[in-house]
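Report on the following structure.
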Amino acid sequence: MKAYRFLLVVTLLFTYAKQLYATQDPNVKPEISLTLIPPSPVTDQIVLDVRAGIWNNTKVKKTILVRIYLDKEDKANLLHQQTVILASKSNTGIKFPWKTTGQAGNHKIIMVTKSGEKTLHTERPMQVIASNIRSTRRIDGAWLGFYHWSEAEGKYWNPELKKVTDKQWGELMNAQHGIDMNIIVMQDVVRNPTAYAGKHNIEKEGYKGIPYYPSQLFSGHVPIAAIDPVEAVLAQADKDGMNVFMGVGMYAWFDFTEGSLKWHKKLATELWDKYGHHPSFYGWYVSEEQDGGLADAQARKDIVNFFKEFSKFIKAKTPDKPIMLATNSHNLRGAEDTYRKLLPNLDILCPFGFHRMPDTDLTGEQAAAKLQTLCDEAGSHLWMDMEVFNFAENNALVPRPISGLLSDLHRFPNFEKILCYQYPGLLNSPGISIKPGGPNTVKLYLDYKQYLDSLKVSGYPRYKNIVETHTK
């Protein structure tokens, strides 16, 4: 009876929210946008990918002068200048590299556009850290799952995530910001956990996933307390200056077929129309994941075609927003030629599992080096998806000891950004009103905060030897 009442309340609240959002127009059409890949902070051993989006939302053609500066609007500080001519209701993108060598310190990248009498400004902070490696040796962000797709893996946090309100999602993200994990990757925004590539009949039976947000594409609402957690996360990220990857999924695990491509385009369109006004909307994350070997011959053809077409579609809609995919780091040998075709249409590759390579595979270091070479060849970015969990009984995920995190942070110096899977359920600030995952999540949060604080002061020396031992 209690479960029925809970579902009834959620259904009524969702119905009200859907009517409310249908009558409101929260979207303010963007005119300019500035994206730095990677976002701050970075070391002085990388090349920053500076991207700008410019929109003409009017009914007349426009000529727009674009200037991008370092730190102040001064001729001596001009990094890039370009004039663009935009037809009515069109947009374009600009991109150029900026070497961080010799630029240690706190900066800001400033974008100014002028068209007729109208001048627009936007800027992004950029801290450059002096280093001899690419990595900042800190965790720069985390995945966010509104409800874990596997009840077994999410055993210790799913019951609590179901109770998290919109306000508490903001609270959780603010706590994540408190340890400088300022990148948020939404795992997915539609729940469809049991569908796998080649093992579903979506094309014949229709898509039956359920959204976490008020959607015009999909009916229903996942039975959680939050009405629009996507909006709640973006709104808090706006306040805290965080960067959010929108999780475009889930269609079906590992599925990059033509049906999946069409579905992703429709979903991306709704998400941009609904949430694109948020300054924190940083980029796009394709949720389906894939093995590092990119599966069989047909799957390899599918994934190459998927990102070729999806990238073209997204760049026409959001010219400066990057697209990211997470694969695992295993079975890379023999897939190199496919990566060379895939990566030019994938802005960021963010693999996971380097610390648990199969015995017959490459070492984690070898896998990282191979992927770095492939990304460098293609002009793509290589980030790491670091696992902050261990598997307990029946595959339940529990917080990984801090020694494991520090091991990865020190073993792999080449990643320009390190994100982790995931924040909700594995890390919690002690002062938060709800703590999915229990006391051990608070311990990991505090242990990592201690490391982060020492890193800022002394460059991490007293933590150098607190790492896992790896014999492989």
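Here is a yes/no grid of residues against (1) charged (D, E, K, R); (2) part of a helix (DSSP H, G or I); (3) out of contact with any Gly (no Cβ under 6 Å at 6 or more places or on another chain); (4) closer than 22 Å to LEU419 by Cα:
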| residue | (1), (2), (3), (4) |
| --- | --- |
| GLY259 | no, yes, yes, no |
| TRP272 | no, yes, yes, no |
| TYR282 | no, no, yes, yes |
| TYR285 | no, no, no, yes |
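Would it be correct to say that GLY145 is touching a residue at least 60 places away in the same chain (Cβ under 8 Å) and outside the structural domain of GLN103 (by TED's automatic domain parsing)?
Answer is yes for this residue.
With (1) in contact (Cβ under 8 Å) with a residue 40 or more places away in the chain; (2) surrounded by fewer than 23 Cβ atoms within 10 Å (Cβ to Cβ) as the list, and TYR251 as the residue in question, which single condition is left unmet?
Only one criterion in (1) in contact (Cβ under 8 Å) with a residue 40 or more places away in the chain; (2) surrounded by fewer than 23 Cβ atoms within 10 Å (Cβ to Cβ) is unmet by TYR251, namely (2).
Which residues, counting only those in the stretch 368-404, are assigned to a helix (DSSP H, G or I) and closer than 13 Å to CYS420 by Cβ?
Across the stretch 368-404, the qualifying residues are ILE402, GLY404.
Looking only at residues that are touching a helix residue (DSSP H, G or I) at 6+ places or on another chain (Cβ under 7 Å) and part of a strand (DSSP E or B) in the stretch 31-73, which one is surrounded by the fewest Cβ atoms within 10 Å (Cβ to Cβ)?
Looking at the filtered set, the residue picked out is LEU70.
Report yes if HIS277 is under 24 Å from LEU217 (Cβ atoms) and not hydrophobic (A, V, I, L, M, F, W, C), otherwise no.
So HIS277 passes the test.
Every residue, every condition in (1) modelled with pLDDT of 95 or more; (2) aliphatic (A, V, I, L, M); (3) within 21 Å of LEU144 (Cβ to Cβ); (4) not assigned by TED's automatic domain parsing to the domain that holds GLN176, yes or no:
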position: LYS417; (1), (2), (3), (4): yes, no, yes, no
position: LEU426; (1), (2), (3), (4): yes, yes, yes, no
position: GLY438; (1), (2), (3), (4): no, no, yes, no
position: LEU444; (1), (2), (3), (4): yes, yes, yes, no
position: GLN450; (1), (2), (3), (4): yes, no, no, no
position: ASP453; (1), (2), (3), (4): no, no, no, no
position: VAL457; (1), (2), (3), (4): no, yes, no, no
position: LYS472; (1), (2), (3), (4): no, no, no, yes
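Examine the stretch 261-279 for a residue that is free of Cβ contacts under 8 Å to residues at least 24 places away in the same chain, farther than 25 Å from ASP385 by Cα and surrounded by fewer than 16 Cβ atoms within 10 Å (Cβ to Cβ), and state whether such a residue exists.
Scanning the stretch 261-279, I find at least one residue that is free of Cβ contacts under 8 Å to residues at least 24 places away in the same chain, farther than 25 Å from ASP385 by Cα and surrounded by fewer than 16 Cβ atoms within 10 Å (Cβ to Cβ), so the answer is yes.
If I ask for residues that are touching a strand residue (DSSP E or B) at 6+ places or on another chain (Cβ under 7 Å) and of a type in the set (Ser, Thr, Tyr), which ones from the stretch 218-259 would you list?
Scanning the stretch 218-259 gives a single hit, TYR251.
Got a sec? Which of THR63, THR101 is touching an Asp or Glu at 6+ places or on another chain (Cβ under 6 Å) and over 22 Å from HIS277 (Cβ atoms)?
Exactly one residue qualifies, and that residue is THR101.
List the helices (runs of 4 or more DSSP H) inside the stretch 133-215, counting only whole elements, that have at least 1 residues being crowded, with 19+ Cβ neighbours inside 10 Å.
Hits in the stretch 133-215: 158-161, 166-177.
In the stretch 74-127, which strands (runs of 3 or more DSSP E) lie fully inside it and hold 3 or more residues that are over 22 Å from ASP347 (Cα atoms) and of a type in the set (A, V, I, L, M)?
78-86
The values are calculated or read from the model by the stated rules, or taken from the named source; none is laboratory data. None of the values given here were measured: they were computed from a predicted structure. Virtual Cβ from ideal backbone geometry, glycine too; neighbours counted across all protein chains shown.
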